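Report on one structure; see the data block that follows.
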């Protein structure tokens, strides 16, 4: 790794840490700075309906009777202690509410990111390199598909493939009566995941295809590629032996930094397919004014996005041939 690459990763790491600290500070400060009593925000309870004893109990439990620095210390302790706070509306720690829902969201999001990235890479490179009938058909299709709302796509799938054709279930991640831990449970889960994952794949695919297509079309006319074509190398070798090496860092960077958008898409899909993931949990927290739960979801989402950025930078350095060159004197 060159000094330049190390500096870039170090700079991005510092930016991520600063952003992470800002999220922590905003989560802590907002309920204390907004108009009104912070007890109401941090519990989600109506302070007018509380008894004096209950109100005092909440103030002590939330450490609001102590100075702001002590409150921040307890807040950091909850965050890094793994509880992420306490939901008084649910009567449970925030982490115990988020972990099972996060698992459901990741089961939709991770396969969709991987599948859409591979399809977009292969399809986009083929269309951008050949610039003939494949590009003439593929590019307009993806431009149009990029304008279709995710929820509409999901509803069309439900109507056509669930209600009309009856090929797929349209709610939850498992059927009732299937025993967890069995082979039937595993295949039933896969059956339930097909439509949600396919919907998110189609929603994410167009922007990735268009990026790869444009990058490939630009690289197609470079001297390196022209020389390779003159030497009689086939299209597949040129695409993946020359073009891919140059477009990979930009593409990987785009995929990694789109994790936040993928979370947003997964939230919509969970709502459409009635899946109990992070999306439905967030909606429940918003409607019930469960601020501790909203804080925890924001924290976990921001942490996932920041981890994705750091991992993306490291992968870009590994695959970027320029980053692996010897250090300049």
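Read-outs: derived from the displayed coordinates by stated rules, not from any lab. Just so we're clear, the structure is a prediction, and the values are computed from it rather than from any experiment. Please note: Cβ atoms are built from the backbone with ideal geometry, for glycine as well, and neighbour counts cover all protein chains shown.
The table that follows gives values for the structure above.
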quantity: Cα shape, region 3-87, gyration tensor, a/c 1.5 rule; calculated: prolate
quantity: Extension gain from residue 165 to residue 17, taking 0.36 nm per residue of separation minus the Cα-Cα distance; calculated: 48.3 nm
quantity: Label-to-label distance, nm, for residues given as residue 288 and residue 118 (7 Å Cα→Cβ offset); calculated: 3.9 nm
quantity: Approximate spin-label separation residue 261-residue 80, in nm, with each point projected 7 Å along Cα-to-Cβ; calculated: 3.4 nm
quantity: Solvent-free Debye scattering, log10 I(q)/I(0), computed from the Cα coordinates of region 107-289 at q = 0.10, 0.19, 0.20 Å⁻¹; calculated: -0.50, -1.19, -1.27
quantity: Full-stretch length increase - residue 52, residue 187 - with 0.36 nm per residue and alpha-carbon distance subtracted; calculated: 43.2 nm
quantity: Correct option for volume of the Cα convex hull per residue in Å³ [calculated from the coordinates] among (i) 123; (ii) 143; (iii) 198; calculated: (iii)
quantity: Among 102, 193, 134: highest mean-square fluctuation, GNM of the chain, C-alpha pairs under 10 Å; calculated: 134
quantity: Helix-only [θ]222 nm of the chain, DSSP H runs n ≥ 4, -39500 (n - 2.57) each, per residue, nearest 500; calculated: -24000 deg cm²/dmol
quantity: Protection proxy ranking, peptides 51-62, 194-205, average beta carbon neighbours within 10 Å, highest first; calculated: 194-205, 51-62
quantity: Förster radius 25 Å - calculated FRET efficiency between residue 136 and residue 235 (Cβ-Cβ, nearest 0.05); calculated: 0.90
quantity: Mean Cβ neighbour count within 10 Å, used as a protection proxy, ranking 12-22, 246-256 highest first; calculated: 246-256, 12-22
quantity: Alpha-carbon centroids, region 65-104 and region 8-60: separation in whole Å; calculated: 10 Å
quantity: Residue exposure sequence - 224, 147 - by fewest surrounding Cβ within 10 Å; calculated: 147, 224
quantity: Separation in nanometres of the label points that stand 7 Å from Cα toward Cβ, at residue 66 and residue 103; calculated: 3.3 nm
